[in-house]
Amino acid sequence: MSRHPKIYARPLLAALAAVTVLTGTAAAVPAKDTPAPVAALAPATASATLDDTYYAGALGKSGTALKAALHTIISSQTKVSYSQVWEALKDTDEDPANPDNVILLYTGESQSEDDNGGNVGQWNREHVWAKSHGDFGTATGPGTDLHHLRPADVQVNSIRGNKDFDNGGSQVSGAPGNYTDADSFEPRDADKGDVARMILYMAVRYEGDDAWADLEPNEKVNNGSAPNIGKLSVLKEWSQEDPPSAFEKNRNEVIYTQYQHNRNPFIDHPEWVESIW
């Protein structure tokens, strides 16, 4: 399935101390921390500790019962506004080799964190679960959930648009390893698993029991405004073939400790993808 070997290695950012889980709307985005020297970094939240605490209500479950338990767990979160997302992404996607830059989804390029906006050559906020799939827009909630928002090149983001995810198509100009056709987008190998786990997080977090639509993956492309994104079978393959990287794990940690105080369970437990779907 993969056209090219994975050549992009994403190192670990600073792991941050855990904070008490909060709910509600964030009043302000936390200030950017100065990265600690590598030797002084604390380890990321240990999976055993998370299983004993955060995921205790999900252990031993599978299928729909596991999905329901995870929904309850990750629905307890602090929400950020869409304007706050700009600053948050500068922390969540910080380039570990250059703290003044962010790493862009789809291209892997390192770009100045302040070179953001809507102009050609800048980076903007990519909704991996396209906001038109369920019509949630940029309203606080799914439209501002950091677990599926990533910095991306403006032009590449536009080419992806609201297309579903699938294999195939022609290579995207200026973004080697990415492919697209009329109704689908295939990210480069280094981002395939990230995309899959972001989509599946959204499907568990937003189940239609609040003000938002019930988001679900399916086996279709060209889903339009329906609260669905495909293809599930391809996303499952991508998650298995591109396991969580150090960068992705650290991103999960930063969102948990600094911003939303909830986690993407499929980064902590990739095996839960197959258990649920």
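Points to keep in mind about this one:
- Karplus (6.51, -1.76, 1.60) ³J(HN,Hα), θ = phi - 60°, over region 50-59, in Hz, Gly and Pro reported as x: 4, 5, 6, 10, 4, 9, 4, x, 9, 5
- Where only C-alpha atoms are counted, convex hull volume of region 138-277 per residue in Å³: 114 Å³
- Restricting attention to region 158-229, close to 55% of DSSP beta bridges with both partner residues there are antiparallel.
- Computed over neighbours whose Cβ is under 14 Å from that of Gly208, the net charge equals -4, Lys and Arg +1, Asp and Glu -1.
- Prolate/oblate/rounded label for region 236-277 (Cα gyration tensor, a/c 1.5): oblate
- Over all directions, the projected convex hull of the C-alpha atoms in region 151-211 averages 5.0 nm² in area.
- Taking each of Lys61/Lys131; Lys79/Lys249; Lys61/Lys192; Lys131/Lys192; Lys90/Lys163 in turn, the alpha-carbon distance tops 22 angstrom for Lys61/Lys131; Lys61/Lys192; Lys90/Lys163.
No value in this document is a laboratory result; all are computed from the given coordinates. Small disclaimer: the values here were computed from a predicted structure and weren't measured. Don't worry about glycine lacking a Cβ; one is built from the backbone with ideal geometry, like all the others, and counts go over all protein chains shown.
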